[in-house]
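Just so it is clear, none of the values below were taken in a lab; they were calculated from the coordinates. None of the values given here were measured: they were computed from a predicted structure. No Cβ is skipped: glycine too gets one built from the backbone with ideal geometry, and neighbour counts run over all protein chains shown.
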Amino acid sequence: MRRFDVILVGGGHANIAVLADWVRKGTPGGGHAALLTPQPFLTYSGMVPGWLAGRYQREDGRVDLAALCQRAGVEWIAGHCVGLDPERQIVVSDRGEQIAFAWASIDTGAVGRARETLGDDPRLCEVRPMDRFVAQFDAWRSANRQGAQRIAVIGGGAGGVELAFACANMASLDAPCEVVLVTGRGGLLPGFGGRLKALATRELAGRGIAVIADDARVLDGALYTGAQCLEPVDIIIAALGSAAPDWPQAGGLACDAAGFIAVDRYQRSLSHPHIFAAGDIATRTDRAVPHSGVHAVHTGPVLAANLRAVLTGKQLRSSYTPRPASLYLISCGDGTALASYGACAAQGRWAQALKQRIDSRWIAAYAKLAGA
Ligand SMILES: Cc1cc2nc3c(=O)[nH]c(=O)nc-3n(C[C@H](O)[C@H](O)[C@H](O)COP(=O)(O)OP(=O)(O)OC[C@H]3O[C@@H](n4cnc5c(N)ncnc54)[C@H](O)[C@@H]3O)c2cc1C
């Protein structure tokens, strides 16, 4: 069995900040480290709607994990974590390998739950995992360039709304798409302010995107909301929000009621202090921190500092305090974006320019560290 001083499980937004820290300052204590993650890159979700709308190439929104590992002296182990024994300090990969560790940092993101929620359908294209979504949608789009397509986007959160706009603005098909957005009974943009909801409602209507505030389900091969059949539908994009994978709870790690890993303000497991977790797979128990890319990114430096502290025998000092509100930018696919900060919301080309600047700066910083 291979043994590492520290294993990063999942190349998510927080663990890549750890890799970046190790590229800049060396692995703490000269430790022997590995990253267990399935792909040699991270697909940055913030740029996926832009790729879909045709603003970016598929490769533009990727962080090169393999190159970061090489620069940081970290071994990349290709695979999914499917099991964790926190007592014996072992993770198990889907290739059957058991890997022993002294310290672990888990950032595998959340998992999709579309099939459980909607029912199975071959047209289902779930946004999680993001790499699979991009590959599946790309294959569908290549095979269906001709003829008008009717797309159903299920999920009224920021991701679903942005994907609906992107689909309505896809320039790469011969004919424009007809898009229907099914938000669920929670309605459009739950958790966001009334002003953003009003702007989004107006913009969706302006694009001819039908919005249905009801739950969707697949019955006998057809998509329904209540008694209304939405067929014909060519593809069903499911952006339903996320669920926790089974393996943290099954392994005996302390988790919240939904199965997300319970962590303290240092991102440290409540039950097993040699395990850290961040991003969508973790839940802070001392305060509410929503699952989002913004918070996963901002937690990264905290995680890096705390791993450096424990690996060099120092006290934990770094904790993440989210700002009272976060800036969310939702591209409308036409060169404008909706901006939301707390109860304030606005729309304009400036918001889209700001989004592009933030996204490309983030990607460029990692490309530079990876030596591109
Ligand atoms: C379309 C869309 C747009 C979005 N846009 C935004 C936005 O603009 N702003 C925002 O704040 N949030 C946005 N989000 C939410 C955001 O994507 C997530 O909150 C964010 O990706 C969470 O980051 P993470 O580090 O937890 O995990 P992820 O980004 O999901 O990364 C997880 C990594 O772990 C790997 N992995 C997965 N499973 C395993 C496993 N079992 N073992 C090992 N490795 C594994 C994956 O391959 C991946 O590299 C968007 C979501 C969607 C669906």
Would you pick out the residues in region 210-258 that are outside any loop (DSSP other than H, G, I, E, B), within 30 Å of residue 273 (Cα to Cα) and of a type in the set (S, T, N, Q)? 249
Can you give me the number of residues within region 305-335 that are crowded, with 18+ Cβ neighbours inside 10 Å and touching a strand residue (DSSP E or B) at 6+ places or on another chain (Cβ under 9 Å)? 11
Spot the failing condition for residue 157; the list is (1) in contact (Cβ under 8 Å) with a residue 40 or more places away in the chain; (2) crowded, with 23+ Cβ neighbours inside 10 Å, and only one is missed. (2)
Which of (1) within 16 Å of the ligand (Cβ to nearest atom); (2) under 26 Å from residue 329 (Cα atoms) is the odd one out, the single condition residue 212 does not satisfy? (1)
If a residue has to be within 13 Å of the ligand (Cβ to nearest atom), touching a helix residue (DSSP H, G or I) at 6+ places or on another chain (Cβ under 8 Å) and not in a loop (DSSP other than H, G, I, E, B) to count, how many in region 296-332 make the cut? 10
Condition (residue is touching a Phe, Trp or Tyr at 6+ places or on another chain (Cβ under 6 Å), under 30 Å from residue 164 (Cβ atoms), free of Cβ contacts under 8 Å to residues at least 24 places away in the same chain and of a type in the set (Gly, Ala, Ser)) applied to region 320-328: is it met by at least one residue? yes
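Here's a check for you: in region 265-284, which residue that is assigned to a loop (DSSP other than H, G, I, E, B) and free of Cβ contacts under 8 Å to residues at least 40 places away in the same chain is surrounded by the fewest Cβ atoms within 10 Å (Cβ to Cβ)?
Among them, the one singled out is 273.
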